[in-house]
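The structure appears right after this line, and notes come after that.
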Amino acid sequence: MRSGRLIALAFCLAFAIAMAASAISVSRGSDALGVGELLRVETLPAESPSPLDDHLRYAFEVFNGSRPWTQADLDERFSPGFAEGFGVDRLTEASDAAIAERGTTRFVRVLERDPGSIRALGVAEDGTPMVVWIQTPKNERIGSLLLEVVPSPPRLEVWESALLILAGAGFAAAAAVTTRLDRDSRTWLFVLGSVAALCGVLVLNDGALLYTLGRVVPALLVPIAAVVLLDSVDARPGRWVTLVAAAAMVLSGVAPLFRDAALVGHPQLWGSITDNESAYRALLVGASALTGVAMGAVAVIAARNAGRALKGRRPTVWLAALAGMIWSFGAIGSAIDYTNSAGTWAGGPFSACTLVGAALVPAVAFARVLGNQWDSAGIAALVVDLESQDAELGIAVARALDDPSLVVVTSPDGQVLLDDDGNLIESASLATGQALTEIRATTRLVGGLVHDAALRNDPERLKAVASAAGLALEVDRLNRQVSAQLDDANASRTRIVQAADTARRQVERDLHDGAQQRLVALGLQLQRARRMARSRDESELAHLLENATSEVRQSIDDIRAVSRGLQPALLAERGLGPAVDALAERSPIPVRIDISLGGHGDLDAEIATTMYFVIAEALANVAKHANATQADVGVSCANGRLNIRVSDDGRGGARASAGSGLEGLADRVAAASGTINVSSNDRGTTVEATLPCG
Amino acid sequence: MRVILVDDSALIREGLALLLAEEGIEVVAIFPDATGVLDAVKRDQPDVLVVDVRMPPTFETEGLELALQCRRANPETSVLVLSQHIETRYAVELLQEGAAGVGYLLKDRVTQIDDFLAALQRVADGGSAIDPLVVARLLQRPTTNKALDRLTAREIEVLSLMAEGHTNAAIAAQLSINPRTAETHVSHILSKLDLPPDEATDRRVSAVILWLRQSERDVRNLTEG
């Protein structure tokens, strides 16, 4: 399909070039030959007024070939003594010689005569003056025919050719653009319009067939223009308008069948079946009148639609109305012109109007296509706007549709549409001149556009914008959904960490109040028993009891280690600084501590615990893996963020790999809405975490 | 010796009371928490108040505060603070009122009954008893380690015992050395650490403990909100 269109376009281009070439060659020839037709007849002043002019006229007609002649006729007209020595034979010979030499030469009509002289108009294809004269018996020239070729008006003025070519090129351009837009419905119409307009130039050709095509094919422009103009103003192509335009085309097409030659000096018409001038004229009058009616109707429809059209479209609509009006005026004028037998039939203001109107049609089509392009650009801009999320959806859509009154409404439940204030929106409840377009993602109702009802005239654009807006609404909905789920997940992670902390505290408390105390009490009793045994000199028993006490002490130590790891009492009792201090005290590597919390010393318990564990884990890793000689702990607060930094001067190589303590920390830090980052190289490792503070 | 016991654990309370009674120590009163303790101390004038650090209502450091209040209100009564966790910080907090008649021991020391009784006696006599674990941790600090480079191994042993609150004689006995030798060690240590030569054991404890903590302070800039 696509290649087919390209071929059509290539054809149009070739056709246009051929046209231009042919027009150039033909117009060159016409300067020298073919259209001269003025014949001046002069009589010698002495012999006037006399039968001479009548005789001369007779001679013209003979010469012309329009009057058969006989010797008797001549004898009667030119009596001996008057025209003796006048040789019709010679006359004929002379004209024959001219005919032989010049091809077709004939007289058509006498246009003018005035007393004292005879002037006649004739046709000669040669530019050379010719003298035909009558000789008296005294061998004296009593009259002469001066045949003089005067240039007749060209078949097409230069500007007329230019308008036709402009129209053809305009249609071709519109076709090219629509092809690129992949809109086949209009492309072929434009291609046809281009061909029809360009064919008008063919009248410059002298060949009967091409000349006739040049007169007939442009008639196609009438229905094409009607359809294109109506489409451009978003009017339904009215059937009767199209029918009238088509009828005009048909009349125009059949007219050449009834005439041999259209105009003086023009080539023969091809396919002519009879030569009936009045029928020919009637057909042309009818065609022009119908064209005038069709185009007038188009102009009225366009003017009526202009009021309802979107603001951005109005220039196009008015242009269409103008085209219809000018064309209509030209066609009506031409119709009147054709009824007048003395009319010029070619050129003139009416013909000019017709051509200007025709040339405006592709301009309208092109404006419309470009308008659609701009609409597409508007939709593309809308998509870009929505992607960047800079523009508010309602504003972006209103801009894309050129409708400031536009409101985007949403559907929270996929069932009904609500505006920003929560009012129910239905088609029935809208103000006059407003319309509602629902937006659906697959089948789900995601929202709607409340817009100027005029936008309904452009369903494609509305649909494109609506689907872009629908995409944005759907993305927004999904974003909110995901965000809500993320919030849930974050909240649940925080709850899990908090629950774990609570459990740790509880276990630590339980160990302290339970197992540890009981073990201490048990140790006390064992000691008392040992002392008792010793006082009774049961040294073996005393020894056993001493061993048992040692075991108990060991257990107490073990539990202490566990409970300290669970939740350091110092953190709750004295705060982060002392707790970190105690960590440093236990570290085998010197630790420099720089904690400056400014006015944020009163840390949230969860944040403090998280910070403590970050530092504890990082210091434990330094002790275990870093082979460092120095570790630094820095805690600071800036811009509402706590920054924790634990660095060492060890060998690096630390990674927050799966299952490592650092990974566990990352979860913990994330649960407190913080971030953690580990960077490690051969000069040491740095663990940095940020947490919200205050 | 007359003692008041404060511990929220009935098992410990009763067990300790029995143990002390068996050792001929009079337990004049037992409290499950700090309530009324100061009044009892004022009334009964015990030699020592034995108190657990962690007690109701908040289970944080009520015992520590109680001990400090007691020292201020009743200088005649010594205090022995027992804790299930050893924090050097708490030892230092406790020593801020002076080391005389002050003890800070790990609670499970009660299962090493002889050491415990000796420490209790030392505190009752106006001396000091700092848990060996506290002293060991201070000595183990990497920064402290460096500061102690000038001391010999024996001197460090002596330093530890000094910090725990032992007298020169006790140090000599524990290290099985001549008391004169022990005195020499002590004076060397004090001069090496730039501490004043002080005969009083309790002031010596404060000075040594604070010096050990201070040595770390020198290289640390701790700012607490």
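When the Cα positions of B:ALA147, B:ALA163, B:ALA207 are compared along the charge dipole of region B:141-224, B:ALA147 comes out farthest toward the positive end, with charges on each C-beta of Lys, Arg, Asp and Glu. Think of region A:576-684 as having a plus end and a minus end, set by charges on the Cβ of Lys, Arg, Asp and Glu; of A:THR629, A:GLY664, A:GLY577, A:THR629 sits farthest toward the positive end of this dipole.
Within 10 Å of the Cβ of each residue in A:576-589, the mean number of Cβ atoms contributed by other protein chains is 4. Remark: relative contact order (region B:141-224) = 37 percent; criterion is Cα-Cα distance under 8 angstrom and separation of 6 or more residues. What the Cβ-Cβ distance of A:ALA162 and A:GLU392 gives, at R0 = 35 Å and to the nearest 0.05, is a FRET efficiency of 0.10.
Its convex hull of Cα atoms gives region B:2-131 a direction-averaged projected area, equal to a quarter of the hull surface, of 6.5 nm². Under the convention that each Lys and Arg Cβ holds +1 and each Asp and Glu Cβ holds -1, the size of the dipole of region B:1-54 around its Cα centre is about 160 debye.
Think of region B:2-131 as having a plus end and a minus end, set by charges on the Cβ of Lys, Arg, Asp and Glu; of B:LEU68, B:ALA29, B:VAL50, B:LEU68 sits farthest toward the positive end of this dipole.
Surface composition of region B:141-224: carbon plus sulfur atoms contribute 51% of the solvent-accessible area (1.4 Å probe, protein chains only, all chains present).
Accessible area buried by the pairing of B and A, both sides summed with a 1.4 Å probe, works out to roughly 4100 Å². Of the peptides B:43-50, A:168-175, A:681-688, the order by per-residue mean of other Cβ atoms within 10 Å, starting with the highest, comes out as A:168-175, B:43-50, A:681-688. Which of rounded, prolate or oblate describes region B:141-224 when judged by the alpha-carbon gyration tensor and an a/c cut-off of 1.5? Judged from the Cα gyration tensor, region B:141-224 comes out prolate (a/c at least 1.5, a/b above b/c). Between the beta carbons of A:GLU277 and A:ARG304, assuming R0 = 30 Å, the FRET efficiency works out to 0.15 to the nearest 0.05. What shape does chain B take by its C-alpha gyration tensor, where a ≥ b ≥ c are the square roots of the eigenvalues and a/c under 1.5 counts as rounded, a/b above b/c as prolate, and the rest as oblate? In terms of gyration-tensor shape, prolate. Label-to-label distance for A:ASN547 and A:LEU243 is 12.4 nm, based on points extended 7 Å past Cα in the beta-carbon direction.
Surface calculation, 1.4 Å probe, protein heavy atoms: B:ILE25 sits at approximately 20 Å² accessible.
With 0.36 nm allotted per residue and the present C-alpha distance subtracted, the A:VAL254-A:LEU13 stretch has 83.9 nm of extension available. Computed from the C-beta positions of A:ASP476 and A:ASP557 and an R0 of 60 Å, the FRET efficiency is 0.50 to the nearest 0.05.
Here the dipole of chain B is about 760 debye; that uses its Cα centre as origin and unit charges on the Cβ of Lys and Arg (positive) and Asp and Glu (negative). The residues neighbouring A:THR675, those whose beta-carbon lies less than 15 Å from its own, together hold a net charge of +1 under the Lys/Arg +1, Asp/Glu -1 convention.
Placing dummy labels 7 Å off each Cα toward the beta-carbon, the span from B:GLU26 to B:ALA10 is 2.7 nm. Across peptide B:77-90, the average count of Cβ atoms from other chains found within 10 Å of a residue's Cβ is 4. Inter-label distance, B:ASP115 to B:ARG150: 3.1 nm, where each label sits 7 Å from its Cα along the C-beta direction. Per residue of A:511-519, other chain Cβ atoms within 10 Å of the residue Cβ number 4 on average.
Taking the Cα centre of region B:2-131 as origin and assigning +1 to Lys and Arg Cβ atoms and -1 to Asp and Glu Cβ atoms, the resulting dipole is close to 260 debye.
The values are calculated or read from the model by the stated rules, or taken from the named source; none is laboratory data. Model, not experiment: these values are computed from the prediction. Cβ: placed from backbone, ideal geometry, glycine included. Neighbour counts: every protein chain shown. Quick note on the areas: whole protein, heavy atoms, side chains included, nothing else; ligands and nucleic acids left out. Shrake-Rupley method; radii C 1.70, N 1.55, O 1.52, S 1.80 Å.
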